[in-house]
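To keep things clear, I will list the structure first and then write my remarks on it.
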Amino acid sequence: MAVVPKSIMTFGASLLTARAAMRLKRAKSVEAAQDRIFMHLTQKLALGSVWKQAGIEPRMRYDLFKRRVPIQKYEDLVPHIEQMKLGAQDVLWPGLCQIYATTAGTTTGSPRYIPVTEAMLDHFRRSALDSMLWYTARVGHGGVFRARHLYLGGSTTLVPIPESEPFEAYAGELSGIEALNLPKWAEKHFYEPGPEIAQIPDWQEKIAAITQRTSTVDISLLAGMPPWVLILAESIRSSATHGKARVMHLQGIWPNLECFVHSGMPIAPYLDDLRTALGPTVNFHEVYPSSEAFIAAQDADSASGLRLMADAGVFFEFLPMSEFDEGRLISVSSRTVPISGVRTGVNYALVITTPSGLARYLVGDVVRFLSTEPPRLVYVGKTKLQLNAFGEHVLEKEITDSLVAVCRRNGWTVMNFHVAPKHGASTNTNRVRGRHEWWIELKPGTLTTPTGPFMAAELDVELRKLNSDYASRREAGTLEDPFVRLVMPGVFEHWMRYSGKWGGQHKMPRCRSDRVIADELGGSLQFARD
């Protein structure tokens, strides 16, 4: 394959930027795009034995599709995925599937194996390029393509799946799978940290290698999850001193750094530290990928939300959370709506059908639309990872927004946090009473010393504003005053290291309706004291 000169690619990026800007401005029918994708997917799914038996037919109507195929959880598909891993053909999707993306296990505690077909790789490639063109269209130029792009992701090493032998099947993190399947021109002219370093599984070793390699590289784009990017930035800034004054930010090392691409978690708790670490003129660009599909990307200012990638090969459905019941998915499957039926301000469980053979698949994410023309949404939490031990239905976004508001008002910086229920005595009406227990690590060195009781009172006020169910249960006395534990530095890091979640695509679960993580954090707290 001939190597395309960088100057030609930069010129091509400018042309594509202009075209992307025009496409985004045109009133293109999102519904028509989704209808076209639905027709294509049903034609392919009908060739898979599982979906053929379920009643999927080529070019079937959407209402018939909803009646015949109930919403699927991962657990429902495990037997079929296991067959595919053993080499069975035409199961969920036509042909064989040798590559599987392993999820971080944030929700379930254990990874899932998501099939990655060739058609799915095409979806990810197209979506990744579109997301970058949406960025260049937003800023009005293609300058980000004039230098190299540093992706701080998981290892690109694909591990053979032993139980699949003699069939050859491999598993790895999606970021690594995508990196392995970059076009040759992209790998040659843009991709950092290079294939050798990208394979390193040990996080500390990878950070050190990236620091050494990129100190003299011209970087225009940095991508990764906020907490891990902050660790990398500290490593690079520290190594760049060489006995001189400390480098203030990464733009002091990479003058052409203009874009930080972030995903995977709300950025608000890290925003101030990231601006300080990256540089004063770095643009932030949010994308919303998952191991199952690329969902959305930023096409306007951050307050507008993320634009749904409705024309990239995935069919989207949305189940109102008011109807959601994971124990009764068959009975609520008909309550989903396509993109044409969504309303702003409503929380929806995300359901997708993809070219990897996932049909009506419950991703486990909850989203809320800020606009419908064009469709722009925000991620608000997980269907499983929420606070609902007392019927309060508090989602991750509400927890995060409350904490960020309190900390900004008082000049504190959040390093990490987790919230769990703490059960108390039953009332005389046999209702269980309890409270929320917050585990919070703040950045040391604040002007105003925080205290647990003060923070608890302010968090209570903020959550009452954001969540009416929480407010009503506080008024009724079902929920007592929240309790805040301000933990010493290192408690969350110890938990993540001990749990095998340090670095890569891993993230700290912000809340649960049980005390699994909270009790483990208690053990980490004792460890830190010892």
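What follows is calculated from the coordinates using simple rules that are stated; it is not laboratory data. Since the structure is predicted, the reported quantities are computational estimates derived from the model, not experimental observations. In this analysis, Cβ positions are derived from the backbone assuming ideal geometry, glycine residues included, and neighbour counts consider all displayed protein chains.
Some points to look at:
- Annotation for Q199 and H423: the two label points, set 7 Å from Cα along the Cα-Cβ direction, are 5.0 nm apart.
- R515-K52 pseudo-label distance in nm [points 7 Å out on the Cα-to-Cβ vector]: 5.3 nm
- Among 332-343, 505-516, the order from most to least packed when residues are scored by Cβ within 10 Å on average: 505-516, 332-343
- For the stretch 69-78, 3J(HN,Hα) per residue [Karplus equation, 6.51 cos²θ - 1.76 cosθ + 1.60, θ = phi - 60°, Hz, x = Gly/Pro]: 10, x, 4, 10, 8, 4, 4, 5, 9, 3
- The three principal axes of the C-alpha atoms in the stretch 367-488 carry coordinate ranges of 45, 44, 22 Å, sorted with the longest axis first.
- Here is how the number arises for the chain: DSSP H runs of 4 or more residues each give -39500 (n - 2.57), the sum is divided by the residue count, and the result at 222 nm is -11500 deg cm²/dmol.
- Label-point gap, in nm, between L129 and V78 - each point 7 angstrom along Cα→Cβ: 3.8 nm
- Gain in span if fully extended, Q89 to S239, counting 0.36 nm per residue against the direct Cα distance: 48.9 nm
- Per-residue HN-Hα couplings for the stretch 209-224 [Karplus 6.51, -1.76, 1.60; θ = phi - 60°; Hz; x = Gly/Pro]: 5, 5, 4, 5, 6, 8, 4, 10, 9, 7, 10, 10, 9, 10, 10, x
- F284 long-range amide H proximity, modeled H, under 5 Å: F260
- Added length on full extension, which subtracts the Cα-Cα distance from 0.36 nm per residue, S29 to R67: 11.1 nm
- Rounded to the nearest 0.05, the FRET efficiency derived from the C-beta distance between R36 and K188 at R0 = 30 Å is 0.30.
- Beyond 24 Å in Cα-Cα separation lie the following of the pairs K206/K382; K382/K507; K85/K206: K206/K382; K85/K206.
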